[in-house]
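Visitor: Encoded as structure tokens, here's the structure I'll be asking about.
The values are calculated or read from the model by the stated rules, or taken from the named source; none is laboratory data. These figures come from a predicted structure and were not determined experimentally. Methodologically, a virtual Cβ is constructed for each residue, glycine included, from the backbone with ideal geometry; neighbour enumeration extends over all protein chains shown. Accessible surface is based on the protein model in full, side chains and every heavy atom, while ligands, DNA and RNA are left aside. Shrake-Rupley method; radii C 1.70, N 1.55, O 1.52, S 1.80 Å.
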Amino acid sequence: QVQLVESGGGLVQAGGSLSLSCTASGSITSIDSIVLMDWYRQAPGKQREWVARIFTRLSTGGDYAESVKGRFTISRDNGNHLLYLQMNDLKPEDTAVYYCHFQDSRRDYWGQGTQVTVSV
């Protein structure tokens, strides 16, 4: 079993930046089985949206939704079981609850989310 906890959300003005973190804990065997890690977000009254993805073992860069490409950067620290999302040039439409998601060959793991609010 793996538990995920997001942190770093808050209130920021448009054009500003925020950094989100996701910390994993639990079974060593389960944590070592993670294949990929993602960030999702969900705005009030809207469907949950995929934001960015990175593979645990591959050295390739991240993949991004078109709405955040060029502004957001996903990164990882495998040794400490951490996932990051650097968000720059934030826009009001980025306002949402942001969730981290880990996947192995059999299971999906979700955090409880962290609120990001971008004001004009």
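Visitor: What distance in nm separates the two pseudo spin-label positions at Q42 and S67, each 7 Å out from Cα along the beta-carbon direction?
Guide: According to this spin-label approximation, the distance is 1.4 nm.
Visitor: Still on this model: Based on the Cβ-Cβ distance from S59 to Q103, what FRET efficiency comes out when R0 is 22 Å, to the nearest 0.05?
Guide: For S59 and Q103, the calculated efficiency is 0.75.
Visitor: Across the range 29-34, in residue order, what do the Karplus-derived ³J(HN,Hα) couplings come to in whole Hz, using 6.51 cos²θ - 1.76 cosθ + 1.60 with θ = phi - 60° and x for Gly and Pro?
Guide: 4, 5, 4, 6, 8, 5
Visitor: Out of the total accessible area of the range 8-83 (probe 1.4 Å, heavy atoms of protein only), what percent is carbon and sulfur?
Guide: C and S atoms contribute 50 percent here.
Visitor: Using helices alone, what [θ] at 222 nm do you get for the chain, with -39,500 (n - 2.57) per DSSP H run of 4 or more residues, divided over all residues and rounded to the nearest 500?
Guide: That comes out to -1000 deg cm²/dmol.
Visitor: What is the spin-label model distance, in nm, from S21 to Q86 if the labels are put 7 Å beyond Cα along the C-beta direction?
Guide: For the pair S21/Q86, the computed spacing is 1.5 nm.
Visitor: Another one. For the range 84-96, just list the computed ³J(HN,Hα) in residue order, Karplus coefficients 6.51, -1.76 and 1.60, θ = phi - 60°, integers in Hz, with x standing in for Gly and Pro.
Guide: 10, 9, 8, 10, 10, 6, 5, 10, x, 6, 7, 4, 4
Visitor: Next up: Which of the GluC sites (Glu not before Pro) found in the range 1-107 are loop residues per DSSP with 16 or fewer other Cβ atoms within 10 Å of their Cβ?
Guide: E66
Visitor: Sticking with this one: Roll a 1.4 Å probe over the protein chains and send me the accessible area per residue for the chain in Å².
Guide: 54
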